[in-house]
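Below you'll find the structure, written out as structure tokens, and then a few comments.
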Amino acid sequence: MTLLQEAIDRIEVLVEQARNSQLREPMASSFATVDEQGRPSVRTLLLKKVDERGLVFFTNVHSRKGHHLDANPFAAVCVYYQEAHQQFQVEGPVEPITDDEADAYWQTRPRASQIGAYASHQSEVLTDRTLLQARVSKYEEQFTGMDIPRPPHWSGYRVIPERIEFWAGHPDRLNQRELYILKDGQWIKELLYP
Ligand SMILES: Cc1cc2nc3c(=O)[nH]c(=O)nc-3n(C[C@H](O)[C@H](O)[C@H](O)COP(=O)(O)O)c2cc1C
């Protein structure tokens, strides 16, 4: 097993444990991007797929984060599991997923979420919430009786891991930090002081 596969397996174990402990959103992550001026911002996103190729999430590509990723295609992801007192972090470049991948996931979305993806100009100013409801009604009417195609502004991105760190709480704050990092094309594993 490669070190990357080992790290991804560890993430999967953490997610599975969280799922078994009835956590509402076991894949909810703090997701940081950087704008064109180098200023960071962070928001919660649901990770939808985790494997050796990376971490996939879905969003509106015209959102604030979408603009950040256009200007600066790198991200940092952090997930903390309070019950387990463990955290994982992933950093690396971000690339758009393929249309086929986006279409496949789109088709699994509930119809109301699909309508919402059309109705929401994510991250733009909404002067009145009735406008949002009106847009929902408009698209419900437009798509009556038919499958809803994926709009071009709704897709996914993949964070390609170059750095993966696991943190585990230990007594007396002698916490454990294990770093998997890609150096000169090779994954290596190191411990870090807490
Ligand atoms: C639990 C939770 C899950 C979320 N999942 C997503 C998601 O998967 N995709 C998404 O675009 N926004 C998601 N959001 C909303 C984002 O946090 C954020 O408000 C939105 O993406 C706009 O961010 P931006 O203006 O930085 O682009 C989620 C919020 C919460 C609290």
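The values are calculated or read from the model by the stated rules, or taken from the named source; none is laboratory data. All values derive from a computational prediction rather than experimental measurement. Neighbour counts run over all protein chains shown; Cβ positions are idealised from the backbone, glycine included.
For TYR157, are the conditions met, namely being touching a Ser or Thr at 6+ places or on another chain (Cβ under 8 Å) and of a type in the set (Phe, Trp, Tyr)? If you could, list the steps in order and put the result at the bottom.
On the way: touching a Ser or Thr at 6+ places or on another chain (Cβ under 8 Å): yes; of a type in the set (Phe, Trp, Tyr): yes.
Here the answer is yes, as TYR157 does meet what is asked.
Test each condition in (1) of a type in the set (Lys, Arg); (2) free of Cβ contacts under 8 Å to residues at least 24 places away in the same chain; (3) surrounded by 12 or more Cβ atoms within 10 Å (Cβ to Cβ) for LYS48 and report the one that comes out false.
Condition (2) is where LYS48 drops out.
Here are some conditions: (1) over 27 Å from ALA32 (Cα atoms); (2) over 23 Å from the mean Cα position of the chain (by Cα). GLN186 meets all but one. Which one does it not meet?
The failed condition is (1).
Take GLN122 and tell me if it is surrounded by 15 or more Cβ atoms within 10 Å (Cβ to Cβ), part of a loop (DSSP other than H, G, I, E, B) and modelled with pLDDT of 95 or more. Explain how you work it out, then say what you get.
Numbers: surrounded by 15 or more Cβ atoms within 10 Å (Cβ to Cβ): yes; part of a loop (DSSP other than H, G, I, E, B): yes; modelled with pLDDT of 95 or more: yes.
Yes.
Taking only the range 62-74 into account, find how many residues are farther than 15 Å from PHE31 by Cα and either in contact (Cβ under 8 Å) with a residue 12 or more places away in the chain or in contact with a His (Cβ under 7 Å, 6 or more places away or on another chain) (or both). Show your work before the answer.
Within the range 62-74, the first condition is being farther than 15 Å from PHE31 by Cα, and the residues that meet it are 62, 70-71.
Next cut, either in contact (Cβ under 8 Å) with a residue 12 or more places away in the chain or in contact with a His (Cβ under 7 Å, 6 or more places away or on another chain) (or both) only: 62, 71.
The qualifying residues number 2.
Return yes when GLU140 is in contact with a Pro (Cβ under 9 Å, 6 or more places away or on another chain) and among the charged types (D, E, K, R) and no when it is not.
Values: in contact with a Pro (Cβ under 9 Å, 6 or more places away or on another chain): no; among the charged types (D, E, K, R): yes.
Considered against the rule, which asks whether it is in contact with a Pro (Cβ under 9 Å, 6 or more places away or on another chain) and among the charged types (D, E, K, R), GLU140 comes out as no.
Under the condition of being among the aliphatic types (A, V, I, L, M) and crowded, with 18+ Cβ neighbours inside 10 Å, which residue from the range 64-80 is nearest to ASN175 (Cα to Cα)?
Kept after step one, since they are among the aliphatic types (A, V, I, L, M), are these residues of the range 64-80: 69, 71, 75-77, 79.
Filter once more, so that each one left must be crowded, with 18+ Cβ neighbours inside 10 Å: 69, 75-77, 79.
Values: LEU69: 33, ALA75: 25, ALA76: 21, VAL77: 20, VAL79: 16 Å.
Among them, the one singled out is VAL79.
Which one of the conditions (1) surrounded by fewer than 17 Cβ atoms within 10 Å (Cβ to Cβ); (2) touching a Ser or Thr at 6+ places or on another chain (Cβ under 9 Å); (3) more than 30 Å from PRO171 (Cβ to Cβ) does VAL61 fail to meet, given that it meets all the rest?
Failed condition: (1).
Could you list, in sequence order, all residues of the range 155-185 that are surrounded by 16 or more Cβ atoms within 10 Å (Cβ to Cβ), aliphatic (A, V, I, L, M) and in a loop (DSSP other than H, G, I, E, B)?
Across the range 155-185, the qualifying residue is only ILE160.
When only residues in the range 81-119 that are within 19 Å of the chain's Cα centre (by Cα), surrounded by fewer than 18 Cβ atoms within 10 Å (Cβ to Cβ) and touching a residue at least 60 places away in the same chain (Cβ under 8 Å) count, which is farthest from TRP187 (Cα to Cα)?
Step by step, filter the range 81-119, then rank; the result is TYR81.
Can you list the strands (runs of 3 or more DSSP E) lying wholly within the range 14-117 that have 2 or more residues being at pLDDT below 95 and either in contact with a helix residue (DSSP H, G or I) (Cβ under 6 Å, 6 or more places away or on another chain) or within 13 Å of the ligand (Cβ to nearest atom) (or both)?
Values: elements: 28-34, 40-46, 49-51, 54-60, 74-81, 86-96.
Qualifying strands (runs of 3 or more DSSP E): none found.
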